[in-house]
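Since the structure comes first, as C-alpha cells, the remarks are kept for the end.
Each reported figure results from applying straightforward, stated rules to the coordinates on display, with no laboratory input. Model, not experiment: these values are computed from the prediction. Quick reminder, even Gly has a Cβ in these numbers, built from the backbone with ideal geometry, and neighbours come from all protein chains shown.
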Amino acid sequence: MVRLNKYIAQSGYCSRRKADDLILQGKVKVNGQIVKDLGTKVDPEKDKVEVEGKVIKPQEEKVYIVIYKPVGYLSALGKDRFGRKTLTDLLRELKINHKVFPVGRLDYNSEGLLILTNDGEFANKVAHPKSQIKKVYKVLVEGVVSQETLNKMKEGTVLEDGFFKPDDIKILEVKDNSTWLLVEIHSGKKRIIRRFMDSFGHRVKRLIRIKIDSIDLGHLKPYQYRYLSKKEIRSILNE
C-alpha cells in the first residue's frame, strides 16, 4: 500500500505538495469515490486513481530537464485565460514530447534555469521549504547600488509578508546607471527578489536564475535545454 499523494507524485502528475492540495480540493477519486483524507493509502495493483478526471498510473522512466526559460512564458502548463504563453507552448516549440511539469516557478518576466520533470519525489525535494534549497540569480536593477545600500540589503528588511534577508548578495558590475547583482536565496515566496529590491528603490530590470543547489544553467541560452546528469540528480536526492 502507498500513500495517495506519493502515488500521484510517482505518476509524474505533480509534486506531493500539489497532490495534497488536489486531494483537499476534492479533485481526486479512488475507485470512483472522491477522497479528501490525506492519509489515504492505495494499492497500485488494484486501485483506480483519477486526478481531475484523468486516470493516472506510476511512470517508469524518470525524466529531468533543465531549460533556459525566456521572458514571456508562464511557469505553468495548459492555457492561460489571458492568452499569455505557458510552458505547454514552450515545450511544443522546442519539440519536447515528455510529459513533465515545472519544479517551482519562475515569473513571467523572469528568465533562466527552470527544472522540468515527471518525478514528483524529486520535485518535492527541490521545492519544499524544509529542503532549504539555495537558488542563485543575476539581477539587473535601476540605479547605482551604493555600498551603504548593499550593507542594508545584507541585513534584510521587512516586507508586507514578513522579514526577508538574502543568504548572500554582492555587486557584479555598475554600468549605465544600472547595477548587476548576484543574489542567493532559499525563499520560495512569490516575486520576493523584485519586492525586496523595490523596497530599496531599485526596480528590477532583468532577473536571471542561474543555479538551483548544485544544478547550474551553464552555457545554456534562452530556448535551450539539456538533461540532468545522474550526478546532478543524486546530489538533490542525497543518494
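Find the Cα radius of gyration of the stretch 21-147, compare it with 2.2 N^0.38 Å by division, and give the number to two decimals. Walk me through the intermediate numbers first.
Working: Rg = 18.1 Å, N = 127, 2.2 N^0.38 = 13.9 Å.
The value comes to 1.31.
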| remark: quick shape note, the stretch 134-212: Cα extents on principal axes in Å, largest first -> 32, 25, 18
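For the chain, report the translational diffusion coefficient in µm²/s to the nearest whole number, using Stokes-Einstein at 37 °C, 0.692 mPa s, and a Kirkwood Rh over Cα pairs.
Working: Rh = 19.4 Å.
Once the numbers are plugged in, D ends up at 169 µm²/s.
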| note | With only helices counted (DSSP H, runs n ≥ 4, each -39500 (n - 2.57)), the per-residue ellipticity at 222 nm for the chain, to the nearest 500, works out to -6500 deg cm²/dmol
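Could you size up the charge dipole of the stretch 2-55 around its Cα centre, putting +1 on the beta carbon of Lys and Arg and -1 on that of Asp and Glu, and report it in debye to the nearest 20?
Details: 12 positive and 8 negative charges, 23 e Å.
That gives the stretch 2-55 a dipole magnitude of about 120 debye.
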| message | What distance in nm lies between label points placed 7 Å from Cα along the C-beta direction at Val158 and Lys27? | response | 3.6 nm
| message | Cut-off under 17 Å on the C-alpha distance; same-chain residues fewer than 8 positions from Lys18 excluded. Which aspartates and glutamates are left, in chain and number order? | response | Asp37, Glu50, Glu52, Asp119, Glu121
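Among the listed pairs Lys99/Lys230; Lys6/Lys79; Lys95/Lys134; Lys29/Lys99; Lys99/Lys165, which have their C-alpha atoms separated by more than 25 angstrom in this model?
Distance filter (> 25 Å) returns Lys6/Lys79; Lys95/Lys134; Lys99/Lys165.
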| Want the number for His98 to Tyr227: 0.36 nm per residue separation, take away the alpha-carbon distance, what's left? | 45.3 nm
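Only four residue types carry charge here, +1 at the Cβ of Lys and Arg and -1 at the Cβ of Asp and Glu. Report the dipole size of the chain about the Cα centre in Debye, rounded to the nearest 20.
Values: 48 positive and 32 negative charges, 72 e Å.
Taking the Cα centre of the chain as origin, the dipole is about 340 debye.
Assuming R0 = 30 Å, can you tell me the calculated FRET efficiency for the pair Asp216 and Lys57, based on Cβ-Cβ distance, to the nearest 0.05?
Working: r = 34 Å, r/R0 = 1.12.
So the FRET efficiency works out to roughly 0.35.
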| note | Protection proxy (average C-beta count within 10 Å per residue), highest first, orders 150-159, 204-213 as 204-213, 150-159
| field | Compactness of the stretch 2-55 as Cα Rg over 2.2 N^0.38 Å, two decimals | value | 0.94
| remark: Checked against the positive end of the charge dipole of the stretch 188-239 (+1 on Cβ of Lys and Arg, -1 on Cβ of Asp and Glu, about the Cα centre), the farthest of Val204, Ile193, Ser214 is Val204
| field | Relative contact order [Cα under 8 Å, 6+ residues apart], the chain, whole percent | value | 21 percent
| Lys/Arg +1, Asp/Glu -1 at C-beta; the stretch 109-179 dipole; positive extreme among Gln132, Thr149, Leu116 | Gln132
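If you wrap a convex hull around the alpha carbons of the stretch 79-128, what volume per residue comes out, as a whole number of Å³?
Value for the stretch 79-128: 97 Å³ per residue.
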| request: Please work out whether the stretch 196-239 counts as rounded, prolate or oblate from its C-alpha gyration tensor, where a ≥ b ≥ c are the square roots of the eigenvalues and a/c under 1.5 means rounded, while otherwise a/b larger than b/c means prolate and anything else oblate? | output: oblate
